[in-house]
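Working notes, beginning with the structure itself.
The numbers here are math on the coordinates, done by the rules we state, and not lab data. A quick note: this is a predicted structure, and the numbers were derived from the prediction, not measured. No Cβ is skipped: glycine too gets one built from the backbone with ideal geometry, and neighbour counts run over all protein chains shown.
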Amino acid sequence: MIIFGSRTSSKVVAMLIFVCATCHHEAAQRLVRRRTWFTLFFAPIFPFGHGSYTVSCAYCGTAYGVTRENADKFIADWDAQQVNAEADRILAAEDAKIQAEQRGTES
């Protein structure tokens, strides 16, 4: 006896903060990817298609579908935000190190 079927999984792919088009509040907007998988004996084997994307507001909960192209742009913006945040952390650590060295030489 072979047991097969399908299962849909959701995954938060990226998150940006901007003004929601529905509630007009600045809040986190989550990009969620939903994919349906063919399962064999309850284990996912392969996905059906590319999946679908939705953006949902963390403040009001409104969700709306977006195209794959817009989802790719959303992910690129999120990646750029992550790189900028990492650069800011590195610069702050270097600045603190320089200030500590300057305080050490002043004493």
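A compact table of results
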| quantity | calculated |
| --- | --- |
| Residue satisfying all of: in segment 75-107; under 29 Å from Val13 (Cα atoms) and among the charged types (D, E, K, R); surrounded by the most Cβ atoms within 10 Å (Cβ to Cβ) among these | Asp77 |
| Residues (in contact with a helix residue (DSSP H, G or I) (Cβ under 9 Å, 6 or more places away or on another chain) and of a type in the set (Phe, Trp, Tyr)) located in segment 19-60 | Tyr53 |
| Checking Ser56 against (1) surrounded by 15 or more Cβ atoms within 10 Å (Cβ to Cβ); (2) more than 14 Å from the chain's Cα centre (by Cα), the condition it does not meet | (2) |
| Residues that are surrounded by 13 or more Cβ atoms within 10 Å (Cβ to Cβ) and over 13 Å from the mean Cα position of the chain (by Cα), drawn from segment 64-74 | Val66, Asn70 |
| Tabulated pairs, segment 65-92, first farther than 17 Å from Ile17 by Cβ, second exposed (fewer than 12 other Cβ atoms within 10 Å of the Cβ), C-beta under 7 angstrom, 6+ apart or interchain | Arg68/His50 |
| Residue within segment 16-33 that is touching a residue at least 12 places away in the same chain (Cβ under 8 Å), surrounded by 13 or more Cβ atoms within 10 Å (Cβ to Cβ) and basic (Lys, Arg) present | yes |
